[in-house]
Protein chains: 2
Amino acid sequence: MNMMKPLDPTEFRRQGHMMIDFLADYYENIAKYPVLSQVEPGYLRKLMPSFAPLNPEPIETILQDLQQHILPGITHWQSPNYFAYFPSSGSTAGFLGEMLSTGFNLVGFNWVSSPAATELEGVVMDWLGQVLKLPKDFLFSGCGGGVLLGTTCEAILVTLVAARDQMLSKIGRENIGKLVVYVSDQTHCAVQKAAHVIGIHPTCFRVIKTLKSTSFTLLPESLLSAVRTDVRKGLVPCYVCVTVGTTSTTAIDPLGPLCKVAKEYAIWVHVDAAYAGSVCICPEFRHLIDGVEGANSFSLNAHKWFLTNLDCCCLWVKDPTSLIKSLSTHSVYLENSASDSKQVVDYKDWQITLSRRFRALKVWLVFRSYGVANLRSFLRSHVEMAKAFEELVKQDKRFEIFVPRNFALVCFRLIPSAVAKIGNGRVQNGHIKAEDVANEINRKLLDSINGSGTVYMTHAIVGGVYVIRCAIGASLTEKKHVIKAWKVVQERTDAILKQLD
Amino acid sequence: MNMMKPLDPTEFRRQGHMMIDFLADYYENIAKYPVLSQVEPGYLRKLMPSFAPLNPEPIETILQDLQQHILPGITHWQSPNYFAYFPSSGSTAGFLGEMLSTGFNLVGFNWVSSPAATELEGVVMDWLGQVLKLPKDFLFSGCGGGVLLGTTCEAILVTLVAARDQMLSKIGRENIGKLVVYVSDQTHCAVQKAAHVIGIHPTCFRVIKTLKSTSFTLLPESLLSAVRTDVRKGLVPCYVCVTVGTTSTTAIDPLGPLCKVAKEYAIWVHVDAAYAGSVCICPEFRHLIDGVEGANSFSLNAHKWFLTNLDCCCLWVKDPTSLIKSLSTHSVYLENSASDSKQVVDYKDWQITLSRRFRALKVWLVFRSYGVANLRSFLRSHVEMAKAFEELVKQDKRFEIFVPRNFALVCFRLIPSAVAKIGNGRVQNGHIKAEDVANEINRKLLDSINGSGTVYMTHAIVGGVYVIRCAIGASLTEKKHVIKAWKVVQERTDAILKQLD
């Protein structure tokens, strides 16, 4: 038997071109697939052999199986008709960057393992930081710096560990049970998970209630009141997560005033701008992160709305030493003169994992392929499409926009009075409230929309109200898709209201 | 201005093909580049503009800059002359899998977000588990299951959190300060970092000394003795990491006997087979993980020696519920009927992060493109090449093989007597020991080898001795490269010994 040659350039070239064509065809035809996969749990295990193949199979066969067996189980996040969760922002430049990263296949844990990986990351993090007009002390060109992680969950975990250790170094490690972490009831669940992971006592995880009347934002006075109560109890406020663009409704916590409260108690402020951070490269949105100079760390997911494909979380910190103190490791086999010289960044000490991919390439390619001016226009186009969708919703009196639209997410629902007739019997019987009926009908409506396969939206429940979320930002989405999406909503509404009539 | 179309299929196809050719050319010419990048710290910042480009640039210009500015800063992990650290195991199949994952660009946090992503992961993890002959209770087809994470650091972190929480649920959360984690002085630093992150008290991180006479393995009697001492002190043993193939020398901790000790004290056993796990698909190596039935979790890095490209860590656990209890989160906006039905796996609850890439594709492609039989032969070919290198070293009396070779890593050095003449003056003056001289000369030798750019090896210091590590396993490496590598070592040795004569 001839020994296989898994990186033979000729075969790499042949198969690589085939895969490019497969994916280009996929994008050409993507609108034809049901956006939300319509398979049943367990569908694939039935189709797959129980054992790994002993012998090789040609790429042609594998691609056929991919088309036949895998594609039906894919939910098409790149579809122009994808409006669920938040977008997973893909682009040719992001894709090429991943190709390069995968092709070089280097493990850039420290500078010497591949200097360009570390240095390009420093360059692009400064570029993006400047475009966002982050204060200079978040940049390498100041005294701070940025790092590319996989996801916001990692950004939160590493900053939380740094904040914990900073505080414990003052009050003693044995007092870990006294540290308090603050979030709002709209904050991403990543903070709760990270707090649990690092050993914050569950009774010290403070979830502050938000209200519809203040657009589900975390109020500085609520934070202050919670902090004061904890301090009186002898607890130690440690970390607050401020969100610019919450997951449910893109609520914008008032960063400046919250930082003021935090400063008084030396609380670490992390700004989670996972979704909305990217659009702050547009001057008209930048004011939403005013006050960031009072924060300790700031992160956004470039894979959500900055075209880098998954995964790519950009984290900036004012004090990299705080990360390094908590996360550095020493291994003899990684010793090298560049690290010893202290002239280089070793990113392994800025993150949880040792190994790391070369994510900077895709950020670099996105910047260079599109340019900042085009990127701004492109993000604005999503906001414009969201405005158009919002207008359509407003014109239909059966619906309401549930919270003010801030970016390119529209939260809407069928209003209780529009479905009152249906629920009326039950409401009169006292079994059920009008709001509950509305929730139930909106849930049915969303199921019906998604079951159509023509669009995919998701939901949130805020202040007890079930709302449908239409998140615009898939890279292939054009205005016509948004208009069609609204048509689908209306058609399905008509059908449901008629059916229940 | 026309709005940019970042996922235009025509442009995607054109640029994608260009990038495939770029990378295929790169592999064709890879042996011409210095393996270890020879740039100085800060080289790239000088070459890069201080600000992000405002306007787009053509891909042709970007590729030129890549070639001219980035490539010199790359350490070529895919070079056939790369023998450093452990390999970053790349292949066409792994690359195609990443292309697909990046192209679909879906975020498979739970089943419904893309059923195929979850289901294929379950399938390939069972395939690989079966090929490794893991006990059925680590597989989905038993009562366990596997998950694809990024790196071993994540596998260790999630299992450590699960072990911590399992123990604290018995002894009370307030006793976190009593939990003890055990490793050897050869265990990967990931465990120390993870223990720190999850709040294990630094005084409760037990590093057990290993000895050259027992090949730097963790001895069951040493573990038992450490555990007993801790129990007597009122501490609570919680977690031990057993390594099959340590980073420095690929030492193999005796899994079976260590599990017996652990069982007696209900200690969670994690098996870190990051490097050597892959080769256990060969029957002749499988016995090295005998006893795994006594462990709680087992992980290997498929990106180290299973051709999946970075990153891809395979983790199996006997009790997925223990992970889920520690790591599950609830977010209203992720609620769905499939999750409610409990019939599906939601991998977000098996890991730190919420978002996750579709890594199963590359494992699937590697299995299908190469087949288990070829994969076995390929891994064996690396072991054979290492044996050949070992023989060459043995034939040169100036050198010794420092520890027995277990897999495809050879740890060797110039022996003290070979360099005694050089150090002699200083040794006689009593300033310095013969072993220290040997360490110094071996370090110089490695610097000289790596400075040549023709090969790249790294070092370890074990038992106070500086050894050179030659890790064979880069996908392009053939026997001729190994022979050449040894020639480089000898030439550089001659030069150094002559120079210092």
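The values are calculated or read from the model by the stated rules, or taken from the named source; none is laboratory data. Values in this document were obtained by computation on a predicted structure and should not be read as measured data. Every residue, glycine among them, receives a Cβ derived from its backbone with ideal geometry; neighbour counts consider all protein chains shown.
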When you scan region A:1-22, how many residues do you find that are within 20 Å of residue B:374 (Cα to Cα) and hydrophobic (A, V, I, L, M, F, W, C)?
-> 5
Among the residues of region A:93-115, which ones are out of contact with any Leu (no Cβ under 6 Å at 6 or more places or on another chain), farther than 30 Å from residue A:285 by Cα and part of a helix (DSSP H, G or I)?
-> A:99, A:102, A:104, A:115
Looking at region A:23-35, which of the residues that are at the interface with another protein chain (Cβ under 8 Å from one of its Cβ atoms) and surrounded by 17 or more Cβ atoms within 10 Å (Cβ to Cβ) is farthest from residue B:368 (Cα to Cα)?
-> A:27
Output the residue which, of all residues in region B:79-88 that are more than 16 Å from residue B:301 (Cβ to Cβ) and assigned to a loop (DSSP other than H, G, I, E, B), is farthest from the other protein chains (Cβ to nearest Cβ).
-> B:81
Subset of region A:84-111, residues among the aliphatic types (A, V, I, L, M) and crowded, with 24+ Cβ neighbours inside 10 Å, comes to A:84, A:93, A:96, A:99, A:106, A:107
Of all residues in region A:48-107, which are touching an Asp or Glu at 6+ places or on another chain (Cβ under 7 Å) and more than 23 Å from residue B:17 (Cα to Cα)?
-> A:73, A:80
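Condition check ((1) touching a His at 6+ places or on another chain (Cβ under 6 Å); (2) under 18 Å from residue B:458 (Cα atoms); (3) without any contact (Cβ under 8 Å) to a residue 60 or more places away in the chain) across all residues:
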{"residue": "B:29", "(1), (2), (3)": "no, no, yes"}
{"residue": "B:37", "(1), (2), (3)": "no, yes, yes"}
{"residue": "B:57", "(1), (2), (3)": "no, no, yes"}
{"residue": "B:80", "(1), (2), (3)": "yes, yes, no"}
{"residue": "B:86", "(1), (2), (3)": "no, yes, no"}
{"residue": "B:90", "(1), (2), (3)": "no, no, no"}
{"residue": "B:95", "(1), (2), (3)": "no, no, no"}
{"residue": "B:98", "(1), (2), (3)": "no, no, no"}
Conditions: (1) crowded, with 17+ Cβ neighbours inside 10 Å; (2) of a type outside the set (S, T, N, Q); (3) in contact (Cβ under 8 Å) with a residue 40 or more places away in the chain. Residue B:208 meets all but one. Number of the miss?
-> (3)
Positions within region B:171-226 being over 24 Å from residue B:252 (Cα atoms) and either assigned by TED's automatic domain parsing to the domain that holds residue B:465 or not in a helix (DSSP H, G or I) (or both), in sequence order | B:172, B:179, B:198, B:199, B:200, B:201
Evaluate region A:76-97: report whether one residue or more is over 30 Å from residue A:338 (Cα atoms) and among the β-branched types (Val, Ile, Thr).
-> yes
The one condition residue A:13 fails out of (1) more than 8 Å from chain B (Cβ to nearest Cβ); (2) surrounded by fewer than 21 Cβ atoms within 10 Å (Cβ to Cβ) is (1)
Identify, please: which residue in region A:48-83 is acidic (Asp, Glu) and either in contact with a helix residue (DSSP H, G or I) (Cβ under 7 Å, 6 or more places away or on another chain) or surrounded by 13 or more Cβ atoms within 10 Å (Cβ to Cβ) (or both) and is, among those, farthest from residue B:374 (Cα to Cα)?
-> A:65
Here are A:34, A:87: which of them is at pLDDT 95 or above, out of contact with any helix residue (DSSP H, G or I) (no Cβ under 8 Å at 6 or more places or on another chain) and of a type outside the set (A, V, I, L, M, F, W, C)?
-> A:34
If you take the residues of region A:138-155 that are in a helix (DSSP H, G or I) and within 14 Å of the chain's Cα centre (by Cα), which of them is farthest from the other protein chains (Cβ to nearest Cβ)?
-> A:155
Region A:254-314: helices (runs of 4 or more DSSP H) wholly inside it with 2 or more residues that are surrounded by fewer than 24 Cβ atoms within 10 Å (Cβ to Cβ) and within 21 Å of the chain's Cα centre (by Cα) are A:283-286
All positions within region A:319-372 that are assigned to a helix (DSSP H, G or I), more than 26 Å from the chain's Cα centre (by Cα) and at the interface with chain B (Cβ under 7 Å from one of its Cβ atoms) = A:332, A:333, A:338
Which numbered condition trips up residue A:167, out of (1) among the hydrophobic types (A, V, I, L, M, F, W, C); (2) more than 7 Å from chain B (Cβ to nearest Cβ); (3) part of a helix (DSSP H, G or I); (4) crowded, with 24+ Cβ neighbours inside 10 Å?
-> (4)
